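The values are calculated or read from the model by the stated rules, or taken from the named source; none is laboratory data. None of the values given here were measured: they were computed from a predicted structure. Note that each Cβ is placed from the backbone with ideal geometry, even for glycine, and that neighbours are counted across all protein chains shown.
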Amino acid sequence: MSGDSESYLEATGIFKRRYTAEEIQRALTTVSLPDLLGRLGDAPHASEKPVWSPFHWTKRPKFQLFRSENGSWQYRCCKRCGMKGDQIDYLRLRCNLTRDEAAAKLCRLAGIE
């Protein structure tokens, strides 16, 4: 990780504490995947129809949000890359963070300090 990225993470407080599983679950419930994409300015209509992937080029729009069997939001990119996941996975890939850093960022977005 570059020095600039570490400085940003330290300045935003991401390295200051580790969040509990309960806090992370609350953040996942509070900040839905469509809301997260809207806040980041990425694929705001992905829950309505397939859109262009924010991760790589594709011939057709294939990135899509959907509700899993347990009702939580998930994303799926395309069959070729196989990328899929929840809000933490999206932040991890989109912002080049570790899983713990992405979980911390989601907690901060949810207002959990």
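What's the number of the only condition in (1) over 13 Å from the mean Cα position of the chain (by Cα); (2) closer than 17 Å to TYR90 by Cα; (3) touching a residue at least 40 places away in the same chain (Cβ under 8 Å) that SER53 fails to meet?
Among (1) over 13 Å from the mean Cα position of the chain (by Cα); (2) closer than 17 Å to TYR90 by Cα; (3) touching a residue at least 40 places away in the same chain (Cβ under 8 Å), SER53 violates only (3).
Of a type outside the set (A, V, I, L, M), touching a strand residue (DSSP E or B) at 6+ places or on another chain (Cβ under 9 Å), crowded, with 17+ Cβ neighbours inside 10 Å and part of a strand (DSSP E or B) - does that describe any residue in the range 90-103?
Checked the range 90-103: no residue is of a type outside the set (A, V, I, L, M), touching a strand residue (DSSP E or B) at 6+ places or on another chain (Cβ under 9 Å), crowded, with 17+ Cβ neighbours inside 10 Å and part of a strand (DSSP E or B).
Taking the stated definitions as given, is PRO34 part of a loop (DSSP other than H, G, I, E, B) and not acidic (Asp, Glu)? Show your work before the answer.
On the way: part of a loop (DSSP other than H, G, I, E, B): no; not acidic (Asp, Glu): yes.
No: the conditions fail for PRO34.
Which of the residues belonging to the range 44-77 are small (Gly, Ala, Ser), crowded, with 16+ Cβ neighbours inside 10 Å and closer than 23 Å to CYS107 by Cα? Write out each step before concluding.
Kept after step one, since they are small (Gly, Ala, Ser), are these residues of the range 44-77: 46-47, 53, 68, 71-72.
Among the residues that remain, those that are also crowded, with 16+ Cβ neighbours inside 10 Å are: 46-47, 53.
Once the filter is applied, which keeps residues that are small (Gly, Ala, Ser), crowded, with 16+ Cβ neighbours inside 10 Å and closer than 23 Å to CYS107 by Cα, the range 44-77 yields ALA46, SER47.
Determine, yes or no, whether THR29 is hydroxyl-bearing (Ser, Thr, Tyr), surrounded by fewer than 17 Cβ atoms within 10 Å (Cβ to Cβ) and outside any helix (DSSP H, G or I).
Taking the combined requirement at face value, the residue does not satisfy it.
Could you tell me whether the range 83-96 includes any residue that is at pLDDT below 90 and among the small types (Gly, Ala, Ser)?
No - not one qualifying residue is present in the range 83-96.
Consider only pairs whose beta carbons are under 6 Å apart and that are at least six residues apart or on different chains; among these, list those whose first residue lies in the range 71-83 and is in a strand (DSSP E or B) and whose second residue is of a type in the set (Gly, Ala, Ser).
TRP73/SER32; GLN74/SER68
Of (1) modelled with pLDDT under 85; (2) crowded, with 18+ Cβ neighbours inside 10 Å; (3) not small (Gly, Ala, Ser), ARG80 satisfies all except one. Which?
Single failed check for ARG80: (2).
Do you know which residues across the range 84-108 are in contact with a Leu (Cβ under 7 Å, 6 or more places away or on another chain) and either within 27 Å of GLU48 (Cβ to Cβ) or polar (S, T, N, Q) (or both)? Spell out the reasoning first.
Applying the first criterion (in contact with a Leu (Cβ under 7 Å, 6 or more places away or on another chain)) to the range 84-108 yields 86-88, 90-91, 94, 97, 101-102, 105-106.
Hits for the range 84-108 are ASP86, GLN87, ILE88, TYR90, LEU91, ARG94, ALA102, LYS105, LEU106.
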